[in-house]
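Working notes, beginning with the structure itself.
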Amino acid sequence: MAVAIAAARVWRLNRGLSQAALLLLRRPGARGLARSHPRRQQQQFSSLDDKPQFPGASAEFIDKLEFIQPNVISGIPIYRVMDRQGQIINPSEDPHLPKEKVLKLYKSMTLLNTMDRILYESQRQGRISFYMTNYGEEGTHVGSAAALDNTDLVFGQYREVGGLMYSGTTSLELFMAQCYGNISDLGKGRQMPVHYGCKERHFVTISSPLATQIPQAVGAAYAAKRANANRVVICYFGEGAASEGDAHAGFNFAATLECPIIFFCRNNGYAISTPTSEQYRGDGIAARGPGYGIMSIRVDGNDVFAVYNATKEARRRAVAENQPFLIEAMTYRIGHHSTSDDSSAYRSVDEVNYWDKQDHPISRLRHYLLSQGWWDEEQEKAWRKQSRKKVMEAFEQAERKPKPNPNLLFSDVYQEMPAQLRKQQESLARHLQTYGEHYPLDHFDK
């Protein structure tokens, strides 16, 4: 009973305050919420013809209930310069690259192809633990790398080694050292194979977790903008990584912060074993760009000239205008996802053979070179032999070198080693002293 009486008093008090507040707001000249936005109060909205004033979107009013269909716009077209026979389709789109540069593109792609074959077989023989090939996608990273400046920052995923190969700053010996994890490996044997990095080329070391490089790349691009560094950041990823939350966060930050970044998506048809038909329902990845306010284009990733043109123009505008660009390069992953994958379980041999024989980026560029008179069959045979010899020499050299000293497990993280880490190092030393005969310590650097 006492609680009920107290509640009634509170209600009457609140009711009295509410009535007093209403009287105060109704009084002419009274200060409060009614007078907090004088400009908005004076604005007149007398007609349905007035444009919406909502701050969250720029649009027009309609008087008919209608949901937007997901495919209301036909598929975004695919920009290309060469057809499958290496013929220039529109002369005005020909980049007119000099012979030396086109040959460099071709030799980088074929050298990468040779290295892939040898390292793939070496993994199958148990010589290295893991590998990922680039078959069919060589044009995407080699073509884009050729359009970048030497100061540009690169965030790769798994299949961008062609960019490092084209730059010439990373030798075959260093690629092999990384895959073997020997004493010449810049990462000191701490990374999985194909997780490359190169300080001289501004190529940030690859990390395994999917799509984590995307928001990191945006942060680097924002820093470059703040520093007025006149450089662009390019961030590579696959269509599968575009389904990660990191991708969406990165797109939105890049657009709202107006960052000079190129998002380069290699749409190769499969996210490991998941085909694009199960990966998304929209029109690929390029269609997402406008939703974030990002300039976007879809290109033929098997056309190295189309990739080059798109990346070059995106770079020019990203630096000049401080805005992000999204390039979706349509290609096909001819090889297995990795040595841990057997793609015959989810796609046919005929499908793979079509792309390998009918629409391969290396074959297309070779057709172009032959038509220009810059290449012939004898040069092809000689180069294939020479490139294999170069790869095998680097391969044999890497295999002979010892592994890094086990103590390097504990270095390069802290300036001064914490006590807990020191205990672990001492524990390892005691363990190896006691049981060292069970470990191949003679394969490690002393």
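The values are calculated or read from the model by the stated rules, or taken from the named source; none is laboratory data. Everything quoted here is computed from the prediction, not taken from an experiment. Cβ coordinates were reconstructed from backbone atoms using ideal geometry, including for glycine residues, and neighbour counts include every protein chain displayed. To get the accessible areas, we keep the full protein, side chains included, count just its heavy atoms, and leave off ligands, DNA and RNA. Shrake-Rupley method; radii C 1.70, N 1.55, O 1.52, S 1.80 Å.
Just so you know, in the stretch 190-209 the residues that are in contact with a helix residue (DSSP H, G or I) (Cβ under 8 Å, 6 or more places away or on another chain), at pLDDT below 95 and open to solvent by 40 Å² or more (accessible area, probe 1.4 Å) include one that is farthest from Pro275 (Cα to Cα), and it is Arg190.
Select from the stretch 64-100 the residues that are loosely packed, with under 12 Cβ neighbours inside 10 Å and in contact (Cβ under 8 Å) with a residue 12 or more places away in the chain and list them in ascending order.
Selection gives Pro70, Asn71, Ile73, Gly75, Pro77, Gln85.
Looking for whichever is buried (at least 19 other Cβ atoms within 10 Å of the Cβ) and farther than 26 Å from Arg315 by Cβ here; the options are Gly181, Gly187. Which one fits? Every option except Gly181 fails the conditions. Mind checking whether some residue in the stretch 134-145 is assigned to a loop (DSSP other than H, G, I, E, B), in contact with a His (Cβ under 8 Å, 6 or more places away or on another chain) and within 29 Å of Val352 (Cβ to Cβ)? Scanning the stretch 134-145 turns up at least one residue that is assigned to a loop (DSSP other than H, G, I, E, B), in contact with a His (Cβ under 8 Å, 6 or more places away or on another chain) and within 29 Å of Val352 (Cβ to Cβ). Of the candidates Tyr196, Tyr236, the single residue that is outside any loop (DSSP other than H, G, I, E, B) and within 28 Å of Lys101 (Cβ to Cβ) is Tyr236.
Quick grid of which residues meet (1) assigned to a helix (DSSP H, G or I); (2) at pLDDT below 95; (3) under 14 Å from Leu103 (Cα atoms):
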position: Ser371; (1), (2), (3): yes, no, yes
position: Met392; (1), (2), (3): yes, no, no
position: Phe395; (1), (2), (3): yes, no, no
position: Leu409; (1), (2), (3): yes, yes, no
position: Gln425; (1), (2), (3): yes, no, no
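Here Gln191 clears all of (1) closer than 21 Å to Leu326 by Cα; (2) not charged (D, E, K, R); (3) not in a helix (DSSP H, G or I) except the condition numbered (1).
Only one of the numbered conditions (1) within 23 Å of Glu321 (Cα to Cα); (2) assigned to a helix (DSSP H, G or I); (3) in contact with a helix residue (DSSP H, G or I) (Cβ under 8 Å, 6 or more places away or on another chain) is not met by Lys225, and that is (3).
To keep it simple, each residue is scored yes or no on (1) in the same structural domain as Ala242 (by the TED database); (2) among the β-branched types (Val, Ile, Thr); (3) under 17 Å from the mean Cα position of the chain (by Cα).
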{"site": "Tyr280", "(1), (2), (3)": "yes, no, no"}
{"site": "Asp283", "(1), (2), (3)": "yes, no, no"}
{"site": "Arg288", "(1), (2), (3)": "yes, no, yes"}
{"site": "Gly293", "(1), (2), (3)": "yes, no, no"}
{"site": "Ile297", "(1), (2), (3)": "yes, yes, yes"}
{"site": "Thr311", "(1), (2), (3)": "yes, yes, yes"}
{"site": "Arg316", "(1), (2), (3)": "yes, no, no"}
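Looking at the stretch 225-237 only, could you name the residues that are in contact with a Cys (Cβ under 9 Å, 6 or more places away or on another chain) and open to solvent by less than 10 Å² (accessible area, probe 1.4 Å)? Of everything in the stretch 225-237, those that are in contact with a Cys (Cβ under 9 Å, 6 or more places away or on another chain) and open to solvent by less than 10 Å² (accessible area, probe 1.4 Å) turn out to be Val233, Tyr236, Phe237. Of the residues making up the stretch 160-171, not one is open to solvent by 10 Å² or more (accessible area, probe 1.4 Å) and either within 10 Å of the chain's Cα centre (by Cα) or outside the structural domain of Asp116 (by the TED database) (or both).
Somewhere in the stretch 126-133, is a residue of a type outside the set (Lys, Arg), assigned by the TED database to the domain that holds Lys385 and closer than 24 Å to Asp300 by Cβ? It would help to see each step written out before you state the result.
Filtering the stretch 126-133 down to residues of a type outside the set (Lys, Arg) leaves 126, 128-133.
Remaining after also requiring assigned by the TED database to the domain that holds Lys385: 126, 128-133.
Cutting the leftovers down to closer than 24 Å to Asp300 by Cβ gives us 132-133.
Yes: the stretch 126-133 contains one or more residues that are of a type outside the set (Lys, Arg), assigned by the TED database to the domain that holds Lys385 and closer than 24 Å to Asp300 by Cβ.
The criterion of being loosely packed, with under 11 Cβ neighbours inside 10 Å, over 18 Å from Glu138 (Cβ atoms) and not assigned by the TED database to the domain that holds Ser171 does not hold for Glu377. Here the condition is being within 26 Å of Leu408 (Cα to Cα), under 15 Å from the mean Cα position of the chain (by Cα) and in the same structural domain as Arg316 (by the TED database); of Gln123, Gln178, Gln191, Gln157, it holds for Gln157 alone.
Among the residues of the stretch 204-212, is any without any contact (Cβ under 8 Å) to a residue 12 or more places away in the chain and either more than 14 Å from the chain's Cα centre (by Cα) or not assigned by the TED database to the domain that holds Val319 (or both)? Scanning the stretch 204-212, I find no residue that is without any contact (Cβ under 8 Å) to a residue 12 or more places away in the chain and either more than 14 Å from the chain's Cα centre (by Cα) or not assigned by the TED database to the domain that holds Val319 (or both), so the answer is no. Of the listed requirements (1) in contact with a helix residue (DSSP H, G or I) (Cβ under 9 Å, 6 or more places away or on another chain); (2) touching a residue at least 60 places away in the same chain (Cβ under 8 Å), Gly181 misses just one: (1).
In the stretch 399-438, how many residues are of a type in the set (A, V, I, L, M) and either touching a residue at least 60 places away in the same chain (Cβ under 8 Å) or surrounded by fewer than 10 Cβ atoms within 10 Å (Cβ to Cβ) (or both)? So the answer is 4.
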